[in-house]
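Beneath this line is the structure, given in structure tokens, with notes to follow.
The values are calculated or read from the model by the stated rules, or taken from the named source; none is laboratory data. Worth saying up front: this structure is predicted, and the values here are computed from it rather than measured. Heads up, the Cβs are rebuilt from the backbone with ideal geometry, glycines too, and the neighbour counts pull from every protein chain shown. Areas reflect the complete protein model, heavy atoms only, side chains present, ligands, DNA and RNA absent. Shrake-Rupley method; radii C 1.70, N 1.55, O 1.52, S 1.80 Å.
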Amino acid sequence: MWGGRFASGPAAIMEEINASIGFDKKLYKEDIKGSSAHAAMLAAQGIISAADYDEIEKGLKTILAEIESGKFVFSRKLEDIHMNIEARLAELIGSAAGRLHTARSRNDQVALDFRLWVREETDKTIQSIRHLIETLLGRADQEVETLMPGFTHLQVAQPITLGHHLMAYVEMFGRDLSRMHDARERMNESPLGAAALAGTSFPTDRFMTAKALGFREPTRNSIDSVSDRDFALEFLSATAICATHLSRLAEEIVIWSTAQFNFIHLPDSFSTGSSIMPQKKNPDAAELVRAKTGRINGSLIALLTIMKGLPLAYSKDMQEDKEQVFDAAQSLELSLAAMAGMIGDLEINRDVMKKAAGSGYSTATDLADWLVRKLGLPFREAHHITGHAVALAEKKKCNLSDLTLEDLKTVYPDITEDVFDVLSVEKSVQSRKSYGGTAPQEVRRQIDYWKKRLAKA
């Protein structure tokens, strides 16, 4: 490739550090697709002959078949997927192959291939997130009235329903879905035709190639076209945020499946045993989802660091972009699939959850609200009185609902029998009817909203 400029070939160590074929061969479909569109445009513009185009197209189809059948031999000496395909094309069709690279550089070629790959992976990720949301909606629908404790600081705070808790994750993954859609919209511009960095003197039609490759339009600045990796960074950023949400849910699955919590039983298909302790059932799938977040975050930080000091336009540093994105995409795909499987097959211990919902004086806020609503006390005074009631229950080693009316009157004499209407976990949950609250009717409203939203998307 460099024969006109260099008198000798690269040193072995240069070949080792320079070659990318070991990982960028993953882009073979995108490279062939982009080359086919480019050749068709060159022919349509009269830059190459129709006969040369026919030969190029036939050769590219042959190469695609060879790669997919496992017959293609990749060479490290040819550095990357682009030169491997071009060299094989020359073997197949001769000098016509040399016309394919007219009005094109490896700079815009790799920018195109990578963008096509990330766009397709974004589409796959969108579908995977949708599937997880649908799985969560199905379980939330089943658990609309299942009582459980809500936590702050991992301490029992107020009674909620499991359906409401699961819908919190629907909101998180819904934002992830939105971020992926937004990222796809921004990346949907074609860099093909920017050439090395300055465009080309040939009468190309970049709108034709953009349309052929399914892009909204071509990019508008040739320098930015070959040096931009925002599309990869944005995909990694959205991936890292989604992985963080997955990790939070995975952590709860790990905690809830312990003997101490016993809220859930994990299916055997997403658990493993111990080599020494026969009784163990380990939540390995959830733990691995949790761990892959670190790996995905690392990919994002790596690419941000690679790009942070690069002058315009293209630099070889950008060769280090692909492995990070390939790895993060695979990790997220596995994590989303594993989480959907776990959520779909979880066995819920509803009685244990309900009992825990009433622990830790979880209806204390309901008592304070009752004092405000029924007796007209300022909330801060009601908060203070309720604190005394909790201290009394703690001293008597009972729940708030187990205190007698006489007990409560020692705390505040105007308390009446009506107070017991709000001290049970059932009444507490049913009273939380504010928009987005945990009352079953509100959770059903949330579920209906998301079902309709997904149906429109």
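Assorted remarks:
- Count of segment 1-29 residues which are surrounded by 10 or more Cβ atoms within 10 Å (Cβ to Cβ), of a type in the set (A, V, I, L, M, F, W, C) and either at pLDDT 70 or above or not in a loop (DSSP other than H, G, I, E, B) (or both): 6
- Against the numbered list (1) among the charged types (D, E, K, R); (2) closer than 30 Å to F173 by Cα; (3) over 26 Å from the mean Cα position of the chain (by Cα), K124 comes up short only at (3).
- A183 in contact (Cβ under 8 Å) with a residue 12 or more places away in the chain and surrounded by fewer than 18 Cβ atoms within 10 Å (Cβ to Cβ): no
- Consider segment 133-146 and keep the residues that are in a helix (DSSP H, G or I) and either not assigned by the TED database to the domain that holds S222 or not small (G, A, S) (or both). The one that is surrounded by the most Cβ atoms within 10 Å (Cβ to Cβ) is L136.
- Residues satisfying the stated conditions in segment 401-413, i.e. under 12 Å from I385 (Cα atoms) and surrounded by 11 or more Cβ atoms within 10 Å (Cβ to Cβ): L408, K409, T410, V411, Y412
- Residue list for segment 30-46, restricted to those being open to solvent by 40 Å² or more (accessible area, probe 1.4 Å) and in contact with a Phe, Trp or Tyr (Cβ under 8 Å, 6 or more places away or on another chain): Q45
- So E252, is it touching a strand residue (DSSP E or B) at 6+ places or on another chain (Cβ under 7 Å) and either outside the structural domain of N297 (by the TED database) or not hydroxyl-bearing (S, T, Y) (or both): no
- Pair list, Cβ under 7 Å, 6 or more apart: segment 57-71 residue in contact (Cβ under 8 Å) with a residue 12 or more places away in the chain and in the same structural domain as K33 (by the TED database), other residue part of a helix (DSSP H, G or I) and open to solvent by 60 Å² or more (accessible area, probe 1.4 Å): G59/L92; T62/L92; I63/R88
- Just one of the listed residues (R130, R104, R119) is assigned to a helix (DSSP H, G or I) and open to solvent by less than 30 Å² (accessible area, probe 1.4 Å), namely R119.
- Applying the criterion of being without any contact (Cβ under 8 Å) to a residue 24 or more places away in the chain and outside any helix (DSSP H, G or I) to the residues of segment 283-314, the residue that is nearest to R229 (Cα to Cα) is K308.
- Residue within segment 358-377 that is basic (K, R) and either open to solvent by less than 10 Å² (accessible area, probe 1.4 Å) or not assigned by the TED database to the domain that holds I223 (or both) present: yes
- For segment 41-80, a tally of residues being modelled with pLDDT of 95 or more and outside any loop (DSSP other than H, G, I, E, B) returns 24.
- Where a residue in segment 340-352 is more than 16 Å from L249 (Cα to Cα) and outside any helix (DSSP H, G or I) and its partner, wherever it lies, is of a type outside the set (G, A, S) and open to solvent by 20 Å² or more (accessible area, probe 1.4 Å), with Cβ under 8 Å and at least six apart: N349/N262; N349/H265
- A count restricted to segment 186-204 and to residues that are buried (at least 17 other Cβ atoms within 10 Å of the Cβ) and not in a loop (DSSP other than H, G, I, E, B) stands at 3.
- Residue list for segment 81-101, restricted to those being in a helix (DSSP H, G or I) and touching a residue at least 40 places away in the same chain (Cβ under 8 Å): I81, H82, M83, N84, I85, A96, A97, R99
- Matching residues in segment 147-168 - criterion: being open to solvent by 10 Å² or more (accessible area, probe 1.4 Å) and either in contact with a Leu (Cβ under 9 Å, 6 or more places away or on another chain) or assigned to a helix (DSSP H, G or I) (or both): L147, I160, H164, H165, L166, A168
- Qualifying residue in segment 259-268 (condition: closer than 23 Å to F326 by Cα and either without any contact (Cβ under 8 Å) to a residue 40 or more places away in the chain or touching a Lys or Arg at 6+ places or on another chain (Cβ under 7 Å) (or both)): no
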